[in-house]
Every structure is written in structure tokens, then in C-alpha cells.
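Novice: Below is the structure I would like to discuss, written out as C-alpha cells.
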Amino acid sequence: MKKIAVLGSTGSIGTQTLDVVDKEGDLRVTALTAHSNVELIEKQIRKYRPDIAAMDLPDKAAELRLRVADTDTKVLSGPEGVTECAACADAEMVVTAIVGIAGLDATLAAINAGKDIALANKETLVTAGDIVMPLAGERGVNILPVDSEHSAIFQSIADQKKFLKRIIITASGGPFFGMKREELAKKTRFDALKHPNWTMGAKITIDSATLVNKGLEIIEAKHLFGLDVDHITPVVHRESIIHSMVEFTDGSVIGQLGVPDMRLPIAFALTWPLRKVPVTEPLDLVKIGKLTFYDIDGEAFPAVEMAKKAARTGGTMPAVLNGANEEAVAAFLRDGCGFLEITELIQRAMERHRPVENPSVADIKAADAEARELVREALN
Ligand code: NAD
Ligand code: MG
């Protein structure tokens, strides 16, 4: 039995991870953490019987402790409790399915404790990739990507990293593909939450509509695969069947295909280097008929270029892009700002920021806080 800890077990990736655990049969869950959904984590504790669990919100932790008092699961409280679960769980691998920079401390703690990481929490690499990747190297920790594009890139590179020339990262284009700025200006959170191919948490669904998600993924790929962002080409692929491709020095392009179902990359990360039971429907290419590709419209969707710029600047700039985005998306989700304002606010935060080179974790958190404050002020 391989032992795993699941951080963010009540979310979209968290629940799909537990579904993969049910299918695989030889994985044991030793720790679970969540933010506020006490009902769901209680059900998960009763089913998976982890040694420890944690709730990020202390009053929810207190409630959970009472609810599961009859079990052997110890309940920890607050962000420190989540971090302790990441570091202390009796687990070989930690699945980081927390959303946002909130997952950074727990990811670092898990790496420091020598645990392999199944990484869904891309914001951790976007903000602190220059700290996370070397630390993983020092600790001899494997980072297995859960993001479908990065799983595809990892699988396509296989053992030929030295011949890697370029990454071609695919993007669905989101629900507003083909629209111009005038049309985008009128879009509400209800429109933006309707993704054509994937069912995901609210934050990443909005990121997919603005294409900020593709920008974050380009920075994530830069850190995971050690290529500068100018060697990572995004391409819109509406059907989300080719999850990404790599081009080698000889001109060969290798890609990974599959139905758009996150359980595939999750299972790959959990069982690597093995492949085990089927976790999704088989891919039926004849039924799909054709695969289409388009350029990104940089005028309607400036986020990809903004992310590349943040990556080229480096230091604390990607943390500012990410922090401004997290704050603006939270505002958009409560009707506190317009759709186009999300990228405008990111742009403004990046323009105002004086980046710190070779930042510490404290510098990164300060840059994140500064960007959030700027967005809140702008929306006041
Ligand atoms: P989600 O909102 O559905 O779930 C987030 C989880 O994190 C929940 O369990 C929640 O309780 C927990 N959480 C939220 N805030 C927290 C905090 N402050 N402290 C501790 N825990 C907290 O999100 P999701 O869609 O599952 O995404 C999770 C991560 O995976 C994100 O980084 C996202 O970009 C990435 N990802 C998701 C998908 C997808 O299909 N959903 C695909 C690729 C990558
Ligand atoms: Mg992705």
C-alpha cells in the first residue's frame, strides 16, 4: 500500500483524487485537509480513516473535532494544522490540491519532510518556483505534475529531456473563445463559470475564461521543465484531447492524448512510474472526428503575454501577477468587478511593483500582500 496525504480533499481535484484511490485499490489515505466544508470532510474521514486531518478555519476545526470524536482521526486546526498534516503525515506522497498561494507553506513543509509531491497547486510554483524546485532537488523529492498539460509534457519528454527544444502547451480557449473585448466586457460570473470541457473549482474556471490559467501554466512549465518562457508556445485546441506536446531538436513532436478527465493525470502522478487500472472512459477519436488548433487572440486575452512578461522579469513579479489575480477573481465572483477588469488590475499591480530579485518566502508573501492591497484599493 502506498500512503498518501490529500491537502484540499473537499475540492474538485481533492474529490477526484479520492475517486482514483477507490479505483486503484492499493493506495491508503493517511491525512486529509480542507478549508471549511465540515460535512464533506467528515464523510471522507469516516470512509478513509486517516490518522490526521486539519481544517484551515479554526472554528470549523473545532466543529469537526466534535463530529469525529468517535473515530481515531486526530483533528488539527488552522493553517499551521494544514502545514503539520503535510509534513507529519505518515505518507510517501502529498497531493497538493489547495487552491492559491495558500498552499505554499504546506507544499514547502512536505518537501522539507522529504515527501514526493503530486502537484495540483500551480500557484505554489508560479510564486515560488525558484525556491520550490531547488529545495525538491536538495531533498531528493519527486514533483509529479497533476495539471493535465504538465502531466502530458512530462509523459511526452519521457527520458529525452536533453533533446527538448520547445513545449507546445494546449489551451481550450475557455467559454469566451472567439469573442472580442466589447463582448467580453459584458460577461458575468455566471457566463464565466460555464467551461466547455472541464468541471473545476470556481477560481481556476474564471482563470480559464480570462486565460490567466494558461499564463500561470506557462510559468509552472518553466519551473517544472527548466525552459524559458519563450520556448513555451501556447496554442488553442478546442477539443482538449491533446493535453500538450513537446518538440525535440530533430523536429519530432510528441504529445499525450486522452479524454478531458482530471482523474487521468491524477492517477498518473499517484502510480508513477507504473500505470495501472483504467480510470476514465476510453478515448474514441472517430467519435470526436476532428481536432482543431488556433492562435491565442492576444488583444482580447492579454493574460498570456502578461504572464510571460512577469516570468521574464522574475523575482517577486510572478507573485504580484498571481496575488492581483487571486484578489480580482475573488471580487469578480462576488460581482465586485467586471470581467475585463481582472486583467486590467493585474496589469496595474505589475506596473506599480518594484520587483525583488532572488526573493525569500517572506518577500514573496509581502509582494502577494502588496498586490492584493492594491486591487482592494482600486475596487473601493
Ligand atoms: P477547489 O476550490 O475545488 O478546491 C480547493 C481545495 O482547497 C478545497 O478542498 C478547499 O477546502 C481547500 N482550500 C481552499 N482555501 C484554502 C486555504 N486557505 N487553506 C487551506 N485549504 C484551502 O479548487 P480545485 O479546482 O480543486 O483546484 C485546486 C488546485 O488545483 C488549484 O491550484 C488549481 O489551479 C489546480 N488545478 C485544478 C484543476 C481542476 O480540474 N480543478 C486542474 C488543474 C489544476
Ligand atoms: Mg491545466
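Novice: Looking only at segment 150-188, count how many residues are in contact with a Ser or Thr (Cβ under 6 Å, 6 or more places away or on another chain) and within 30 Å of GLY336 (Cβ to Cβ).
Specialist: 2
Novice: Now for a separate question. Step by step: first the residues of segment 200-234, then only those that are more than 14 Å from ligand 2 (Cβ to nearest atom) and surrounded by fewer than 18 Cβ atoms within 10 Å (Cβ to Cβ), then the one that is farthest from ILE167 (Cα to Cα). Which residue is that?
Specialist: ALA202
Novice: May I pose another question? Within segment 63-74, which residues are buried (at least 16 other Cβ atoms within 10 Å of the Cβ) and either outside the structural domain of ALA97 (by TED's automatic domain parsing) or of a type in the set (A, V, I, L, M, F, W, C) (or both)?
Specialist: Passing the criteria: LEU64, VAL68.
Novice: Give segment 99-136 a look and list any residue that's away from ligand 2 (no atom under 16 Å from the Cβ) and either modelled with pLDDT under 95 or of a type in the set (Val, Ile, Thr) (or both), or say none.
Specialist: Answer for segment 99-136, where residues must be away from ligand 2 (no atom under 16 Å from the Cβ) and either modelled with pLDDT under 95 or of a type in the set (Val, Ile, Thr) (or both): ILE101, THR107, ILE111, ILE117, THR127, ILE131, VAL132.
Novice: Could I ask something else about it? May I ask you to list the residues in segment 25-46 that are within 17 Å of LYS2 (Cα to Cα) and away from ligand 1 (no atom under 12 Å from the Cβ)?
Specialist: Matches in segment 25-46: GLY25, ASP26, LEU27, ARG28, VAL29, THR30, ALA31.
Novice: While we're looking at this one, here's another question. Within segment 289-296, does at least one residue satisfy the condition of being in contact with a strand residue (DSSP E or B) (Cβ under 9 Å, 6 or more places away or on another chain) and among the acidic types (Asp, Glu)?
Specialist: Checked against the condition, which is being in contact with a strand residue (DSSP E or B) (Cβ under 9 Å, 6 or more places away or on another chain) and among the acidic types (Asp, Glu), segment 289-296 yields at least one hit.
Novice: Among (1) on the phi < 0 side of the Ramachandran plot; (2) of a type outside the set (D, E, K, R); (3) within 16 Å of ligand 2 (Cβ to nearest atom), there is one condition ALA192 misses while meeting the rest; what is its number?
Specialist: (3)
Novice: Being more than 16 Å from ligand 2 (Cβ to nearest atom) and under 20 Å from the mean Cα position of the chain (by Cα), is that true of even one residue in segment 138-148?
Specialist: Within segment 138-148, one or more residues are more than 16 Å from ligand 2 (Cβ to nearest atom) and under 20 Å from the mean Cα position of the chain (by Cα).
Novice: Residues that are within 23 Å of the chain's Cα centre (by Cα), part of a helix (DSSP H, G or I), of a type in the set (Val, Ile, Thr) and buried (at least 21 other Cβ atoms within 10 Å of the Cβ): does segment 39-62 have at least one?
Specialist: Yes: one or more hits.
Novice: Say whether the condition of being more than 22 Å from the chain's Cα centre (by Cα), within 26 Å of THR205 (Cα to Cα) and not acidic (Asp, Glu) is met by at least one residue in segment 86-98.
Specialist: Checking segment 86-98: not a single residue is more than 22 Å from the chain's Cα centre (by Cα), within 26 Å of THR205 (Cα to Cα) and not acidic (Asp, Glu).
Novice: Say we look at segment 9-38 and pick out the residues that are over 17 Å from CYS88 (Cβ atoms) and touching a Phe, Trp or Tyr at 6+ places or on another chain (Cβ under 8 Å); which of these is surrounded by the fewest Cβ atoms within 10 Å (Cβ to Cβ)?
Specialist: Step by step, filter segment 9-38, then rank; the result is LEU18.
Novice: Next question. Which condition breaks for GLY173 when tested against (1) in contact with a helix residue (DSSP H, G or I) (Cβ under 6 Å, 6 or more places away or on another chain); (2) part of a loop (DSSP other than H, G, I, E, B)?
Specialist: Of everything listed in (1) in contact with a helix residue (DSSP H, G or I) (Cβ under 6 Å, 6 or more places away or on another chain); (2) part of a loop (DSSP other than H, G, I, E, B), GLY173 misses just condition (1).
Novice: Another question about this same structure. Identify the residue in segment 192-225 that is more than 10 Å from ligand 1 (Cβ to nearest atom) and without any contact (Cβ under 8 Å) to a residue 60 or more places away in the chain and, among all such residues, is farthest from ARG334 (Cα to Cα).
Specialist: Looking at the filtered set, the residue picked out is PRO196.
A quick yes/no check of all residues on (1) among the small types (Gly, Ala, Ser); (2) under 24 Å from ASP159 (Cα atoms); (3) modelled with pLDDT of 95 or more:
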site: PRO234; (1), (2), (3): no, yes, yes
site: HIS243; (1), (2), (3): no, yes, yes
site: ASP284; (1), (2), (3): no, no, yes
site: GLY289; (1), (2), (3): yes, no, yes
site: GLU299; (1), (2), (3): no, no, yes
site: GLU305; (1), (2), (3): no, no, yes
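Novice: Hey, another quick one. Quickly run through segment 118-150 and pick out the residues that are more than 9 Å from ligand 1 (Cβ to nearest atom) and hydroxyl-bearing (Ser, Thr, Tyr).
Specialist: THR127
Novice: Here is a follow-up. Tell me which of these ILE296 doesn't satisfy, since it passes every other one: (1) in contact with a Leu (Cβ under 6 Å, 6 or more places away or on another chain); (2) in the same structural domain as VAL236 (by TED's automatic domain parsing).
Specialist: Against the list (1) in contact with a Leu (Cβ under 6 Å, 6 or more places away or on another chain); (2) in the same structural domain as VAL236 (by TED's automatic domain parsing), ILE296 comes up short only on (1).
Novice: Ok, one more. THR10: more than 22 Å from the chain's Cα centre (by Cα) and in a loop (DSSP other than H, G, I, E, B), yes or no?
Specialist: no
The values are calculated or read from the model by the stated rules, or taken from the named source; none is laboratory data. Here the structure is a predicted model, which is why all the values come from computation and not from measurement. Glycine also receives a Cβ, built like all others from the backbone with ideal geometry; neighbour counts cover every protein chain displayed.
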